[in-house]
Amino acid sequence: MNQSYARFGGLSAMIVGALSILYAIFFLVITPRAEAVGALGSWIILAVSGIFSSAAFVALYLRLRPSSEGFALWGLVLGLFSSFATLAHGAWQALVLATLNSAGQSQRAAIELVRMAPSPVDPAGVATFGVIGLASLVTGLIIIDGGRLPRTLGTLAVVNAGLLVTLYFATAAGAQTLILLSGGLTSVIVGPIFWLWLGRELRRETAPVTMPAASMA
């Protein structure tokens with residue numbers, strides 16, 4: 001992998017980890033005190049994280065490709081799909097809220113309307129939570145098996161995958177307690193640790209992988 005892109009991808013992963021913590025602050029801390037600021041801020045942060053996660057998934061694919069090219073590519077496709085859906089989801093929510101406010105809706109009424117209307121690009125967080133959870137599971141298993149990154153990092157990815165998938169089903173079912181539990185763990189603790197650690201590992205210089213020469217009959 002080109003080392004300049006590895007550094008960029010690693011930095012992008014670190015930014016995703018920082019944005020995850022910032023999202024939790026806006027959603028869990030600021031929203032109860034200033035609902036309009038917290039809601040709009042959390043959706044903007046969600047959209048921006050989709051951009052940087054796409055860069056991180058490409059760098060992760062390039063690192064894992066020698067271990068299992070097919071599964072690494074599948075993880076990349078899942079990761080990119082979830083990244084762009086997350087970008088669209090956050091941007092759509094923020095735009096609808098801004099449009100309702102400009103149309104004369106009260107801030108509280110506008111926020112409630114946006115929350116009640118499912119996102120047309122990511123209903124019930126199927127990509128934001130479900131698909132990225134599957135991408136985390138696939139890449140985590142490759143990390144554990146392939147030896148290209150620390151096995152503990154792969155285990156952390158698998159744990160995060162379980163939390164993300166749980167969060168998706170909890171969101172679809174409207175189970176608020178489970179949403180707060182799984183969402184809090186993945187956005188405040190497990191997710192940020194994974195992304196920050198991944199970014200650090202991607203930025204490390206690695207010896208180039210020598211592909212075996214094709215045998216000639």
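Computed quantities for the displayed model
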read-out: Residue count for the range 34-46, restricted to those that are surrounded by fewer than 20 Cβ atoms within 10 Å (Cβ to Cβ) and either of a type in the set (S, T, N, Q) or at pLDDT 85 or above (or both); value: 2
read-out: Residues of the range 57-77 classified as in contact (Cβ under 8 Å) with a residue 24 or more places away in the chain and part of a loop (DSSP other than H, G, I, E, B), total; value: 3
read-out: Unique match (being modelled with pLDDT of 95 or more, crowded, with 19+ Cβ neighbours inside 10 Å and not in a loop (DSSP other than H, G, I, E, B)) among V190, V131; value: V190
read-out: Out of G140, G125, sole residue that is crowded, with 18+ Cβ neighbours inside 10 Å, at pLDDT 75 or above and either closer than 19 Å to S12 by Cα or touching a Gly at 6+ places or on another chain (Cβ under 6 Å) (or both); value: G140
read-out: Members of the range 19-72 found to be over 30 Å from G147 (Cα atoms) and acidic (D, E), listed by number; value: E35
read-out: S54 vs. criteria modelled with pLDDT under 95, crowded, with 20+ Cβ neighbours inside 10 Å, in a helix (DSSP H, G or I) and of a type in the set (S, T, Y); value: no
read-out: Residue under evaluation L95, criteria (1) hydrophobic (A, V, I, L, M, F, W, C); (2) crowded, with 16+ Cβ neighbours inside 10 Å; (3) modelled with pLDDT of 75 or more, criterion not met; value: (2)
read-out: Residue in the range 170-186 that is within 13 Å of the chain's Cα centre (by Cα) and in a helix (DSSP H, G or I) present; value: yes
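The values are calculated or read from the model by the stated rules, or taken from the named source; none is laboratory data. This structure is a prediction, so every number in the text was calculated from the model and none was measured. Heads up, the Cβs are rebuilt from the backbone with ideal geometry, glycines too, and the neighbour counts pull from every protein chain shown.
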